Structure formats: structure tokens, C-alpha cells
Amino acid sequence: MNHFELRGGELHCEDVNLARIADEVGTPVYVYSSATLERHYTVLRDSLVGAGLKDPLIAFAVKANSNVAVLRTLGRLGAGADVVSEGEIRRALAAGIPGERIVFSGVGKTEAEIAFALEVDVAEINVESEPELHLVNTVAQRLGKRARAAIRVNPDVEAGGHAKIATGKAENKFGVSFAEAERLYANASNMAGVTPVGVACHIGSQITDLAPMEAAFRKMRGLVERLRAEGLSVERLDLGGGLGVPYFNQPEPPSPADYAQMIGRALQGLDVQLAFEPGRMIAANAGVLLARVLHVNRRPEGRNFLVLDAAMNDLLRPAMYDAYHDIRPLRPRDGAPETYDVVGPVCETGDTFTRDRQLPPLEAGDLIAFMSAGAYGAAMSSEYNSRLLAPEVLVRGADFAVVRPRPTYQDMLDREQPAPWL
Ligand code: LLP
């Protein structure tokens, strides 16, 4: 459920007419609903607790939406942060999320990043390989600290979804095998700079079937039991993120309640603190990208190109993953639907949001919303074609605030400097 709906023929976010934001802030612009973010977080938390899973750490995957106001909205409810860089750690801290609720993942952490994570006392560093374990040990000893480490396992399951975002097969770059995890965990327990606190997995993103998740989680349970049988202490099991969301045309993904019940069954009796790293399921349907129609280019041979002021640099998912985003006019006009190719102004054929989409009739100047753009939308945007980053707006009830303003062209130019010989 989300808080974007037509009221009096106009698309609103909570109690704010989206056309008002488009007019006052300009387009393209990302708009997020506080109520939807809060609802998705609390539904997940309540489902997990309701399934008997005590005191879960829900670490929002900052890569999905790294806006500090969004992070603060979730952090105020008790959310932690799953981060993959020093930049994301700094964003989480800036949002008031304490180190003890930060989980540091990622296959290639630098020495400086590990040192920073240790200085701010993150809850757990998810170690993805043997060389990384040694690096964490060395850096921690140099700083006179012990790193709380979890070993990230690659459970080798096929999770479906797009090949570019599947992470849980043995051929992917993430994590170590179960056998390696046992060996590394035992090694880690003898290291002066490391305390192994748990094991972690994450098998992919936009997963719409619980079966591969359940298979992976049961394997993880086996690992925890084997480690404990060897006399090693395992406090935490991090199950990653990955639950899919409805992007309108796809099969309904499992509900958070079904997901929680499945976990409750798979892990029954295993006394361990669970951690989660959800990104998309919290943020995707809490955000939209608003754009204005620049032209309707009606080709004599029959194709209608809807040329928008938003482009692939603002929302990369369709170009990168052939992703489907529902497109809704902010003020739907009466009349028979028409078929459009919806494109941006960037000089690449790939700058096509969708082809042959049936939409209510649209004219130049009309406003549209790309739905479900709150995750991996603004976070993946760039200035390609020297287009300014789209601003971000947070709505709460009848109020809205610009939480990342649109930069000026001067801001963009000021980030560069001349070479002395030019
Ligand atoms: N934890 C780890 C270690 C991850 O790699 C990811 C996502 C997550 C958690 C969060 O997964 P989620 O709950 O959001 O599915 N840019 C792509 C998605 C990439 C996901 C990468 N890892 C997209 O737009 O579909």
C-alpha cells in the first residue's frame, strides 16, 4: 500500500497535490511519501516480531535511497542502515543512525573505509573474502580495536530476477562458500583484531518467490548449527534484503507477513538475533519521479514519441534492467488511450523508458509520474549529458520540503578546476 492516489482527478502524495510540487520545484523531481516509508518499515517490523523473531535489526539498504531525510525518517522509527561505502556510513550517521545500528557490507572495502567503520563502532562488518578478513584484522589491531565481523556466505541458490542483480550464485563475486565460511569463522575467532559475531547472506534483489530465500535461510541455519557444534559463538544471522515489490505489471510478490512467517518456520528454535537489509521493499513504492511532457512527436508512420524532460540519467532502471515503471498522468485527460514510446532527451537510443505503452492521451506541457521510483531512482542518477541532478522532495501530510535542492549550473562548473597549462 502507498499514499499516491487521485483526488478530484489530480494525483496526490498524501495531502499534497503533486502538480503543486512540479510547479514550485520544477521537473524532473523526485517526491517521497513519509507515510509510505513509515508504513513499509513498521509493517515489516511488526510482521517479524509477530512471527516470533525477537528484536530484529532492520538495517535499511542505503544504496536504495541515500537521501539523509529519508534515512532520518526511518532511523527515527528504529531502523538501522546497511551501507557499502564510507559515504553511506557518513550519510547514516548524518541521519542520526548510530554506529551500533550500522552494518557494513560490500566486496571491496578499502583500508580507510574499514578504519572509519571501526572508529564509529559499526555493529558489524560483513566480510566477503579471506583477504578482506586479514585486512580487517590488521586495521583493527593498528587502531587497538576488535572488529565485530560477520562472514558473508554465498548460498549458491538461483533466485530469479534480472541477471545484473542476482548475487547468490557461486559464480557471482559475493561472499564465500559454506566450507570456506566455517574455516574463516574459526580463523577469525583466533585473530587479535576480530571477533566473529555472525554470518550473513543476500541472494539478490526483486525476488518474487519465497522458495529460494527459504532454501538459502535453511542452509544458513545449518551453518550456524555447525559453527556452534564446533564451540564457536554465533550471535547474529544477517539474512540480507531482496524481497520484491509490485511494479504494477508483475505477479504480486509475497507480503512481508508471508516472508516473516517463512523465516519463523525455517529458523524455529534457533536462538539468534536476526538482521535484515531491505532496500526496495521499504522505499520503491514510497517515491515517484515527476516529469513534464516536452513534445508529443507524432510520426506519420504511426509511432508516437512522448518526449519528457526526464531522462536515463534521472531514472536509469529502464535502460539498465529493462525495468517496468508504471506511468501516470498527474491530471488524466478524458479520451481514448493512445500508444506511446516514452523517451528522454539524452542522445542515446537507450534513453527510452518504455515502448508501446498505452496511456491516457497526453499533450505538451502535461505532467506525468513514474511510479515506484523511490528505490534505486535518485540514488542511481547522474549528470550524464551535463544534466543537473533532479531535486528530491519529502512529503509529510499536507506539508512538503525540498530535501535536496536542484543544483545550479554554476555549482556543476565549480566542482572542476582548470589544468595549469590550459
Ligand atoms: N544487502 C546487500 C548486500 C545488497 O547487495 C542489496 C542490494 C541489498 C541488501 C538490498 O536489496 P533490496 O532489498 O533492495 O532488494 N539497482 C538495482 C538493484 C541492485 C541491488 C543491489 N544490492 C535495481 O534498480 O533494481
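Is there a residue being surrounded by fewer than 24 Cβ atoms within 10 Å (Cβ to Cβ), away from the ligand (no atom under 14 Å from the Cβ) and either among the aromatic types (Phe, Trp, Tyr) or touching a residue at least 60 places away in the same chain (Cβ under 8 Å) (or both) anywhere in segment 85-97?
Scanning segment 85-97 turns up no residue that is surrounded by fewer than 24 Cβ atoms within 10 Å (Cβ to Cβ), away from the ligand (no atom under 14 Å from the Cβ) and either among the aromatic types (Phe, Trp, Tyr) or touching a residue at least 60 places away in the same chain (Cβ under 8 Å) (or both).
What number of residues in segment 386-403 are assigned to a strand (DSSP E or B) and more than 20 Å from residue 4 (Cβ to Cβ)?
Within segment 386-403, residues that are assigned to a strand (DSSP E or B) and more than 20 Å from residue 4 (Cβ to Cβ) number 0.
In this structure, does residue 300 turn out to be in the same structural domain as residue 391 (by TED's automatic domain parsing) and in contact (Cβ under 8 Å) with a residue 12 or more places away in the chain?
no
For the subset of segment 137-179 comprising residues that are farther than 21 Å from residue 200 by Cα and modelled with pLDDT of 95 or more, which member is nearest to the chain's Cα centre (by Cα)?
Applying the filter and picking the extreme gives 139.
Among residues belonging to segment 39-65 that are within 18 Å of residue 99 (Cα to Cα) and surrounded by fewer than 23 Cβ atoms within 10 Å (Cβ to Cβ), point out the one that is nearest to the chain's Cα centre (by Cα).
63
Condition (residue is outside any strand (DSSP E or B), away from the ligand (no atom under 13 Å from the Cβ) and closer than 25 Å to residue 75 by Cα) applied to segment 154-166: is it met by at least one residue?
No, that holds for no residue.
Can you run down the residue pairs with Cβ atoms below 9 Å, 6 or more apart or on separate chains, where the first is in segment 102-117 and within 12 Å of residue 61 (Cα to Cα) and the partner is part of a loop (DSSP other than H, G, I, E, B) and acidic (Asp, Glu)?
102/121; 103/277; 105/128; 105/277; 106/128
Conditions (1) in contact (Cβ under 8 Å) with a residue 40 or more places away in the chain; (2) closer than 30 Å to residue 48 by Cβ; (3) buried (at least 16 other Cβ atoms within 10 Å of the Cβ), marked per residue:
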residue	(1), (2), (3)
267	yes, yes, yes
285	yes, yes, yes
358	no, no, no
368	yes, no, yes
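Condition check: surrounded by fewer than 22 Cβ atoms within 10 Å (Cβ to Cβ), in a helix (DSSP H, G or I), out of contact with any Ser or Thr (no Cβ under 6 Å at 6 or more places or on another chain) and not acidic (Asp, Glu). Does residue 219 satisfy that?
Spelling it out, residue 219 is indeed surrounded by fewer than 22 Cβ atoms within 10 Å (Cβ to Cβ), in a helix (DSSP H, G or I), out of contact with any Ser or Thr (no Cβ under 6 Å at 6 or more places or on another chain) and not acidic (Asp, Glu).
Show me the strands (runs of 3 or more DSSP E) entirely contained within segment 19-137 in which 1 or more residues are over 27 Å from residue 402 (Cβ atoms) and among the aromatic types (Phe, Trp, Tyr).
Filter on segment 19-137 gives 102-104.
The values are calculated or read from the model by the stated rules, or taken from the named source; none is laboratory data. What you are looking at is a predicted structure, and each value in this text was computed from that prediction instead of being measured. In this analysis, Cβ positions are derived from the backbone assuming ideal geometry, glycine residues included, and neighbour counts consider all displayed protein chains.
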